[in-house]
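Colleague: One structure follows; several queries about it will come next.
The values are calculated or read from the model by the stated rules, or taken from the named source; none is laboratory data. Being a predicted model, the structure only gives us computed values, none of them experimental. Here the Cβ positions follow ideal geometry from the backbone for every residue, glycine too, while neighbour counts run over all protein chains shown.
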Amino acid sequence: MTPGAKPLAVLTDGGVGDLLAIVPALNALRRHFGAPIDVLASPYAAPILEGHPAVGSVLRDDPRRSRSAMAQMLAPSAYSHAVVFWSNARTAAFVQAAGIPVRVGQSRRLYSFRYTIRVPVRTEFGDTTSHWTDVQMDYARALGAQPRPDDYRIHISPSADDEREATALLKAFRVDGPFVALHPARGLSGPFARLGPERAARMTRVFWPVHRFAEIGDALGEAFGVPVALTGGPPVTSIIADIGLAMKRRNAMLAARTSLRVLAAIYKRALAVVALDSGPMHVAAAVGAPTVGIFALRADLPQRWRPLGERVAVVGNSYACPSWCRKETCKSFDCYRAISPDAIVAAARSLLDTRSAAAGGA
């Protein structure tokens, strides 16, 4: 890389899982350019990369900012390269307007002319088996970065402040020993999306299989003899509260009480984390927690989105979804009702048995 040149990675529309999925590419780019990579991401997801060794500055994108305002923000840094992992017309426009000479982005879009290097996304050509981290690695490959196996080890470390906040929160809920974490709801852009976020959340609450997830929580608590920490974000907090009230075993309602990084610190301490396919599932795996990912929907594509980590397991679809059913239109959630609590407990046990065997052989 030429002296003083500085690369920028851009992912402004993706969530936490999407941001963690570009970490392998950031590792490869960091080695290729010989310098940390600045990252521009959504305000919610961005903090998860703070302190990562491949990352320099973590910048927040306010979607209310105009293209010109974003270009003015980026231009003084004189970035040599911009790698756009999640393309949209606004992002493509402001990285060009910022005067960044080399711009890598998605091909086959009306705004792709704004990129100097255009990358085909292989999932658009029928690939359903490649993991998303490797699909994202194609953007790094386009610049000559060659990945190594270690690049795909996604790791995040909570700070001392994050750990202190986690300790205080768990203490407030009288969780002073081992516990299992359960992330039993997720945001879905389903048939209620047109109603707006608040009304959509209320309608989803009507149909969500609360009692099935309460049974899963109780099964975990009974199997391991520990309390269950319930986690989740604002759109589904009321659903998670319903699950906690329906549970018979002791539980701690931590949903909407943590920042993303404090959540990571809590997951790091958990005996095991059980989560629906979601950003928190990837966070749990990234802090090294034994992580069970639930991929109940027929269209969840576990091969593409499974969590990456040393102790992870996947519980897949066990319900014969109709061929016409898609997650964007489903409001019955029968696939979630079909989840077996015994299968979840067995998956968690397998991870803990693996950890115990590894510790015994150390």
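Colleague: Please find, within the range 305-348, the residue that is surrounded by the fewest Cβ atoms within 10 Å (Cβ to Cβ) out of those that are acidic (Asp, Glu) and in a loop (DSSP other than H, G, I, E, B). Quick ask: steps written out before the conclusion?
Modeller: Taking the range 305-348 and keeping what is acidic (Asp, Glu), we get 310, 328, 334, 342.
Okay, now just the ones that are also in a loop (DSSP other than H, G, I, E, B), so 310, 328.
On the way: 310: 13, 328: 11.
Going through the qualifying residues, I end up with 328.
Colleague: Can you pull out every residue in the range 210-235 that is aliphatic (A, V, I, L, M), within 28 Å of residue 198 (Cβ to Cβ) and in contact (Cβ under 8 Å) with a residue 60 or more places away in the chain? Give the steps one after another, and end with the answer.
Modeller: Going through the range 210-235, the residues aliphatic (A, V, I, L, M) turn out to be 210, 214, 216, 219-220, 223, 226, 228-230.
Then drop every residue that is not within 28 Å of residue 198 (Cβ to Cβ), which leaves 210, 214, 216, 228-230.
Answer for the range 210-235, where residues must be aliphatic (A, V, I, L, M), within 28 Å of residue 198 (Cβ to Cβ) and in contact (Cβ under 8 Å) with a residue 60 or more places away in the chain: just 216.
Colleague: With the requirement that a residue be modelled with pLDDT of 95 or more and more than 13 Å from residue 212 (Cα to Cα), what does the range 233-255 give you?
Modeller: 241, 249, 250, 251, 252, 253, 254, 255, listed by residue number.
Colleague: If you go through the range 195-241 one residue at a time, how many are part of a loop (DSSP other than H, G, I, E, B) and either outside the structural domain of residue 346 (by TED's automatic domain parsing) or of a type in the set (Ser, Thr, Tyr) (or both)?
Modeller: Number satisfying all stated conditions: 1.
Colleague: Using the structure shown, decide if residue 44 is in a loop (DSSP other than H, G, I, E, B) and in contact with a Pro (Cβ under 8 Å, 6 or more places away or on another chain).
Modeller: It is false that residue 44 is in a loop (DSSP other than H, G, I, E, B) and in contact with a Pro (Cβ under 8 Å, 6 or more places away or on another chain).
Colleague: Collect the residues in the range 245-283 that are assigned to a helix (DSSP H, G or I), free of Cβ contacts under 8 Å to residues at least 60 places away in the same chain and either crowded, with 21+ Cβ neighbours inside 10 Å or of a type in the set (D, E, K, R) (or both), keeping them in residue-number order.
Modeller: If the condition is that a residue be assigned to a helix (DSSP H, G or I), free of Cβ contacts under 8 Å to residues at least 60 places away in the same chain and either crowded, with 21+ Cβ neighbours inside 10 Å or of a type in the set (D, E, K, R) (or both), then 263 is the only one that fits.
Colleague: Then there is this: Restricting attention to the range 114-147, and to residues there that are of a type in the set (Val, Ile, Thr) and surrounded by 13 or more Cβ atoms within 10 Å (Cβ to Cβ), which single residue is nearest to residue 19 (Cα to Cα)?
Modeller: Among those residues, the one meeting the criterion is 133.
Colleague: Let me ask you something else. Please state which of the following conditions residue 104 fails to meet, knowing it meets all the rest: (1) in a helix (DSSP H, G or I); (2) touching a helix residue (DSSP H, G or I) at 6+ places or on another chain (Cβ under 6 Å); (3) not aromatic (Phe, Trp, Tyr).
Modeller: (1)
Colleague: A follow-up question, please. So is residue 21 crowded, with 17+ Cβ neighbours inside 10 Å, touching a residue at least 24 places away in the same chain (Cβ under 8 Å) and of a type outside the set (Asp, Glu) or not?
Modeller: Yes.
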